There are 2 protein chains.
Amino acid sequence: MRAGGALTTSTLVNGVPGDTVSVDERALHYGDGLFETMRCRDGQVRWLDLHLARLARGCERLGIAMPDRDQLRRELAQLVQGQQRCLLKLIVTRGVATGRGYRPSGAEQPTRILRRYAWPPAPAADYRVHHSPIRLGRNVALAGIKHLNRLEQVLAQQVAARAGVDEALQSTESGQLVAGTMSNVFLVDDNRWLTPPIIDCGVGGITRTLVLQHAAALGIEVREQPLTSADALATPAIVLSNVRLGLQAVHWYEGRRLSVPASMTRLWEAIDGAAD
Amino acid sequence: MRAGGALTTSTLVNGVPGDTVSVDERALHYGDGLFETMRCRDGQVRWLDLHLARLARGCERLGIAMPDRDQLRRELAQLVQGQQRCLLKLIVTRGVATGRGYRPSGAEQPTRILRRYAWPPAPAADYRVHHSPIRLGRNVALAGIKHLNRLEQVLAQQVAARAGVDEALQSTESGQLVAGTMSNVFLVDDNRWLTPPIIDCGVGGITRTLVLQHAAALGIEVREQPLTSADALATPAIVLSNVRLGLQAVHWYEGRRLSVPASMTRLWEAIDGAAD
């Protein structure tokens with residue numbers, strides 16, 4: 001517990017209650033690590049296997065040793081125990097630097113930071129989104145994984161705050177639509193859902209994966225295909241996904257009122273109702 | 001001082017000796033901050049005005065309040081005092097999060113982390129560089145400033161280590177040459193130096209600025225112009241620049257022996273010999 005903090009939190013650093021990390025943490029110097037934000041209910045972490053699988057993919061990509069899964073499960077269970085509803089954030093970094101400079105020595109020991117947050121207030125009843133002037137750089141080496149280099153999202157949310165909107169859609173400099181600032185994006189026309197492939201940009205979201213898994217059984221067609229910011233301006237409905245919001249309809253986009261697709265509620269009920 | 005650490009260091013966090021930061025540091029979660037690496041000799045920081053000017057530009061770009069310059073100067077002086085030769089690293093972050101999520105509240109207080117490192121060993125006498133398979137994403141919102149989102153450099157140095165080279169040149173996915181992994185790059189042919197403009201990629205280096213300032217007086221033509229990775233394969237000489245290495249000739253690039261340009265030594269002597 002940090003004194004004076006406004007957050008209702010509980011934190012484990014490498015399994016031990018604590019609220020600080022070393023100034024030599026490579027995550028602090030370079031954003032050299034990964035994170036997962038997890039939805040928790042009735043003392044359980046939802047979709048934990050999917051989170052751990054993505055974390056493992058990220059560790060492999062960055063050349064960080066994946067922490068022991070059983071140990072992670074135990075630590076998560078410790079923080080979520082007795083909680084009716086909360087968010088957990090897990091950060092796994094390459095660890096404390098053993099020397100100066102970008103190049104890892106290979107002798108670093110990964111750091112686990114596990115942080116519990118109170119379940120956030122419900123999103124705005126009128127969820128407003130604009131198109132961000134902050135573009136996303138394309139990098140196939142970083143796409144898909146949930147790494148800690150998030151300035152593009154921070155800047156986009158800063159601009160969104162000034163514009164009085166809840167979130168922003170972001171595209172590449174060439175106008176390829178990628179994602180919401182804190183979500184994946186679906187352009188929806190009735191039972192047809194389109195989402196950009198995650199190839200050289202963006203995060204492969206857990207809820208996005210669940211949408212792709214559950215849609216077909218409900219007669220909803222979800223297709224990954226390249227989309228542009230012009231497509232977002234023309235679609236009758238936009239749905240955003242992340243583990244906190246679940247499926248979130250966009251009510252207002254760039255001055256235009258959007259519809260809430262009936263398929264969204266059905267899809268979310270199927271995802272939320274299914275066993276992990 | 002961290003027990004057991006291999007680094008010879010001394011550290012101030014917000015002006016106070018310390019070796020930890022809060023787990024809620026936004027730099028840890030998002031890389032939400034900036035840094036400067038400074039060359040120090042005989043108790044003085046070289047080119048401090050240029051460092052502070054770049055830091056201020058970065059703060060403005062990210063919407064972080066620039067720390068008081070006099071305070072920074074006092075803290076830097078405290079760490080560099082009595083040091084014959086060292087490096088100082090200053091990290092300025094947006095501060096400890098006042099809530100969850102990417103969006104800054106605007107109520108954050110910037111954190112100053114100032115860290116002294118022993119002067120590093122001399123670079124390899126045979127400085128070997130390859131072309132990195134890790135590309136740089138283009139983002140005009142982040143180009144030029146020395147922000148903390150450095151995974152592209154970390155990954156490139158990791159690959160370089162496996163390849164047994166000292167550093168890598170990095171380009172965009174479309175093959176535009178940008179920089180060395182920890183330096184700016186000049187393709188040199190006798191008295192003609194070419195360097196890529198820093199528009200949508202890369203850091204505007206202090207030593208690069210000094211090269212541009214001092215060259216003309218020595219009859220060396222330095223020009224900013226778009227360059228490709230093919231240009232790097234064809235040039236007779238490559239020079240890298242940063243405040244640690246100064247001007248560093250590349251002796252070996254992608255299997256080819258390169259010459260050390262005579263103009264390099266003259267230029268470095270002019271830069272190093274001039275008053276700040």
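A point 7 Å from Cα along Cα→Cβ stands in for A:Ala275, and the other copies hold the same point at 7.9 nm, listed in rising order. Take A:Gly63, move 7 Å from Cα toward the beta carbon, and the resulting point lies 3.5 nm from the same point in each other copy, nearest first. Against the longest alpha carbon principal axis of chain B, how many degrees, from 0 to 90 and to the nearest 10, is the axis of helix B:48-62 turned? Helix B:48-62 sits roughly 70 degrees off the main axis of chain B.
Using only Cα atoms and rounding to the nearest 10 degrees, what angle (0 to 90) does helix B:262-273 make with the longest principal axis of chain B? Helix B:262-273 sits at roughly 30 degrees to that axis.
Inter-copy label distances at B:Ala107, using a point 7 Å along Cα-to-Cβ, come to 4.4 nm with the shortest given first. Once the Kirkwood radius over Cα pairs is known for chain B, the Stokes-Einstein relation at 25 °C and 0.890 mPa s delivers a diffusion coefficient of 125 µm²/s. What the Cα convex hull of the protein assembly as shown gives, in volume per residue, is 147 Å³.
For B:Glu25, the amide hydrogen comes within under 5 Å of the amide hydrogens of B:Ala97, counting only partners 5 or more places away or on other chains and with H modelled in the peptide plane. Once backbone amide H atoms are built at 1.01 Å from N, B:Ser10 has B:Arg116 as its partners under 5 Å, excluding neighbours fewer than 5 places away on the same chain.
Measure out, as a whole number of angstrom, how far apart the alpha-carbon centroids of region B:62-122 and region B:169-219 sit. Value for the Cα centre distance between the two parts: 26 Å.
Partner shielding of A:16-23 amounts to 5, given as the average count of beta-carbon atoms from other chains within 10 Å of each residue beta-carbon.
Against the main long axis of the alpha-carbon atoms of chain A, helix A:151-163 sits at an angle near 50°.
With neighbours defined as other Cβ atoms within 10 Å of a residue's Cβ, the residues A:Arg135, A:Arg41 order from fewest to most as A:Arg41, A:Arg135.
Relative contact order for region B:64-176: 24 percent, from Cα pairs under 8 Å spaced at least 6 residues apart, divided by residue count.
Evaluating 6.51 cos²θ - 1.76 cosθ + 1.60 at θ = phi - 60° for every residue in region A:76-86, the Karplus couplings come out as 4, 4, 4, 7, 8, 3, x, 8, 6, 7, 6 Hz, glycine and proline recorded as x.
Coordinate-derived values only; no laboratory data. All values derive from a computational prediction rather than experimental measurement. Every residue, glycine among them, receives a Cβ derived from its backbone with ideal geometry; neighbour counts consider all protein chains shown.
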